[in-house]
Structures are given as C-alpha cells and as structure tokens.
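The block underneath contains the structure these notes are about, expressed in structure tokens.
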Amino acid sequence: MSEYKILRASEAPDYTQGSPSPFLGYAQPLGAEQIAVNVRVLAPGAAHVPPNEDPALGHSHKTIEELYLVIQGEVRIKVGDDVHTLGVRDAILLPPDAPRAVRNETEEEAAMVMISVPVADALAESNLHRGFWPTG
C-alpha cells in the first residue's frame, strides 16, 4: 500500500492570501500527481475571481475540464449564455472551452470543491473573458 497523507483544514494554503473568499489548495500540498482539488469559499456577494479583480471576469481553459461541486450554500454560475443556480451537492462538469463565472448572490457563505487534473501553470492554462458577466 502506498503511503497516505493527511492535510488538516487549518493547513490548507489560501492562494488568495487572506481574502474574505479563500481559495484553498488540497491536492498540491499533499503531493497529488493525478488530481487537482481546491475549495473556493465565497463570502456573501463575492465572485469567483482573483482578489482585486473585476467581478465581471469569466474564464475558460485551454485543455482541462473541471467539475464544481457545491458543498455549502448556493451559487449562481454562468456558462456561455446560460445562468444556473446550484445548491448543496449539486455539481456541474465544465468542458475546457466553456466560458464560466461563479457568484454568491446570497447573504450566506457558500463553498464549492473544484476538481480537475493538475497543471503546471494555471494562468497559462486559463483564458480570461473580461466583461463576461457584468454586475448591476
């Protein structure tokens, strides 16, 4: 049997470095080679964008698909021209080239697990779509 590892929630790195909407890494600090797993916590009214970025920003990927699984609260997701509401234990599989954006439009915290294959450079793998989902 291979050696297993445990990562406590308090030890998961926050790639936003202290934002009210942390982006927590799990697979990379554990040394996973075949899967990428992150948790995005969204404060009320927050969008799934990097800190200090325009909430209208969307993104897609060049080669990887992603699975988003809501584990707390409710999120709204825009995929192409479609907008959906996802609740706890709802999931969506996103093909690489589908522009997407996620928001928490509620008054409660929300969280989702994001699962994909690992990539060496997440920014190089991503296409940004400015003005994808305007606010207001």
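Does A32 fit the bill of being out of contact with any Phe, Trp or Tyr (no Cβ under 7 Å at 6 or more places or on another chain), under 24 Å from S10 (Cα atoms) and assigned to a loop (DSSP other than H, G, I, E, B)? Yes; evaluated as a whole, the condition is true for this residue. One residue stands out in the stretch 7-35 among those that are over 23 Å from N104 (Cα atoms) and touching a residue at least 24 places away in the same chain (Cβ under 8 Å): the one that is surrounded by the most Cβ atoms within 10 Å (Cβ to Cβ), namely A27. Once the stretch 5-62 is narrowed to residues that are of a type in the set (F, W, Y) and out of contact with any Asp or Glu (no Cβ under 9 Å at 6 or more places or on another chain), the residue that is nearest to K78 (Cα to Cα) is Y15.
If I filter the stretch 84-93 down to residues being in contact (Cβ under 8 Å) with a residue 12 or more places away in the chain and out of contact with any Phe, Trp or Tyr (no Cβ under 7 Å at 6 or more places or on another chain), which single residue comes out as surrounded by the most Cβ atoms within 10 Å (Cβ to Cβ)? Going through the qualifying residues, I end up with L86.
Being modelled with pLDDT of 95 or more and more than 14 Å from the chain's Cα centre (by Cα) narrows it down to one of E74, E109, so name that one. Break it down into steps so the answer makes sense when it comes.
Details: E74 fails: more than 14 Å from the chain's Cα centre (by Cα).
Result: E109 is the single residue among E74, E109 that is modelled with pLDDT of 95 or more and more than 14 Å from the chain's Cα centre (by Cα).
When residues of the stretch 34-60 are filtered for being modelled with pLDDT under 95 and over 23 Å from A101 (Cβ atoms), how many remain? Residues in the stretch 34-60 being modelled with pLDDT under 95 and over 23 Å from A101 (Cβ atoms): 0 in total.
The values are calculated or read from the model by the stated rules, or taken from the named source; none is laboratory data. As the structure is a prediction and not an experimental result, all values here were calculated from the model. Please note: Cβ atoms are built from the backbone with ideal geometry, for glycine as well, and neighbour counts cover all protein chains shown.
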